[in-house]
Amino acid sequence: MRARPLNVTAATAASLLLAASLTACGGSAAADRNTVTVYSADGLKGENGDGWYDRVFDDFEKETGIEVEYVEGGSGEMVQRALREKSNTQADVLVTLPPFIQQAGGRGLLEPYEPRGSEQVSAADKAGDGTWTAVVNNYFSFVYNKKELKQPPATWEELLDEKYENRVQYSTPGVAGDGTAVVIKAMHDFGGKEQAMAYLKKLQTNNVGPSSSTSKLAPKTDKGELLVANGDVQMNFAQSASMPNLGIWFPRTRGGKPTTFALPYAAGLVKNAPHTGNAKKLLDFMLGEQAQRQVSEIGGGFPARGDITPDDANARALADLMNGVEIFEPDWADIDKNLVGYVDAWKAATGS
């Protein structure tokens, strides 16, 4: 597996032109034929090559001979990049968190394809038109520094205390999936948009500022640069293996219960993908029994398939972590329709 550069060099452009001319003359371009490009939200690739993506992509390449080229960024960033390339599609598979996978489908970026095993994915975690399906289940969460805070903050309101000044940070709504999730959860917990924005305006006093990538916040929290940051269970649980001061928690309002909502990594076949056949094979592979059984053990997440029930140590620890947390289901149709308005309201409230 190799990471794909963000720009195309002259040499690369020349090789692509040569490949095209060979194909036009009846030849073949092996490098082109045996690749698949994945645009993905961050979180599933390990810091040290030990993440779920690392294992699955390596196994896929060994089994099929198809090389995976990987491009990573925030969920919104990946959708925007795919949109810019719509007339010259580069990606084969797109993986993002909600509501950006719905956004991708609504903007015509995805081609219907139901991978083998998707019949075992719950209806709430896949599109009715077959344009995307969850490959790893996940939940929104926050992290805290266990060394400096013996217990996580009990409530949202506690984060307004002066001891958190310049020690709180969350990723940017509208850019990062987990950042957008901050707005979604606040709207749910506080009972509406206006109440949520009023709170986030107050929190801005302690907030360090925007971050396009949620994955960068956990290392800062582990080191004590931050006391609290946003994240998601899968990514933060995997990171905690090498970050001993990282703890996971779920905010609640004063007098309320800890809450969260599902935030799965959802994958879709990109419309007019340059390697459609290879993309379908990779989607099938990610939802295969072997890869799904590795989701908890290697990735620290939850299998997307309902018929896979792992019992490894990570799976048991994750079950304990979720115990007592109330799970709500956002109205994704409303969020998809009104996302721009919600993000604009957040910008107005916070001055971002």
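Coordinate-derived values only; no laboratory data. Note that the coordinates shown come from a computational prediction; the quantities given were computed from them, not determined experimentally. Cβ coordinates were reconstructed from backbone atoms using ideal geometry, including for glycine residues, and neighbour counts include every protein chain displayed.
Observations on the structure shown:
- Here's the picture: charge each Lys and Arg Cβ at +1 and each Asp and Glu Cβ at -1 in segment 83-145, and of ALA124, TYR144, GLY105 the one pushed furthest to the positive end of that dipole is TYR144.
- R0 of 22 Å, Cβ-Cβ distance PHE328-ALA348: FRET efficiency to nearest 0.05: 0.30
- Under the criterion of Cα pairs below 8 Å and six or more residues apart, the relative contact order for segment 83-173 equals 17 percent.
- The chain, helix-only ellipticity at 222 nm - DSSP H runs n ≥ 4, -39,500 (n - 2.57), divided by all residues, nearest 500: -11500 deg cm²/dmol
- Computed about its Cα centre, the charge dipole of the chain is approximately 700 debye, with only Lys, Arg, Asp and Glu carrying charge at their Cβ.
- Mean-square fluctuations from a GNM of the chain, with a 10 angstrom spring cutoff on Cα atoms, peak among SER215, SER122, SER240 at SER122.
- Estimated inter-spin distance, ASP59 and ASP129, nm [label 7 Å along Cα→Cβ]: 3.2
- Of the beta bridges in the chain, as assigned by DSSP with both residues counted there, near 60 percent are antiparallel.
- Separation in nanometres of the label points that stand 7 Å from Cα toward Cβ, at LYS216 and GLU148: 1.9
- When peptides 89-101, 242-254, 64-76, 295-307 are sorted by average Cβ neighbour count within 10 Å, with the highest value leading, the order is 89-101, 295-307, 64-76, 242-254.
- In nm, spacing of pseudo-spin labels at LYS201 and SER242 (7 Å Cα→C-beta vector): 4.2
- For the chain, the spherically averaged projection of the C-alpha convex hull amounts to 17.7 nm².
- Among GLY231, GLY51, GLY108, residue whose mean-square fluctuation peaks in a GNM of the chain (springs only between Cα atoms under 10 Å): GLY108
- Each peptide among 128-137, 261-270, 184-193 gets the average number of other Cβ atoms lying within 10 Å of its residues, and from highest to lowest they stand as 261-270, 128-137, 184-193.
- For segment 118-129, Karplus couplings with θ = phi - 60° (6.51, -1.76, 1.60), whole Hz, Gly/Pro x: 5, 5, 8, 8, 5, 4, 5, 10, 8, 7, x, 8
- Mean Cα-pair separation over length for the chain, i.e. relative contact order, pairs under 8 Å, 6 or more apart, %: 24
- Tensor-based shape of segment 61-212 (alpha-carbon gyration tensor, a/c under 1.5 rounded, otherwise prolate or oblate): prolate
- Largest mean-square fluctuation among ASN145, ASN34, ASN314, in a Gaussian network model of the chain whose springs join Cα atoms under 10 Å apart, belongs to ASN34.
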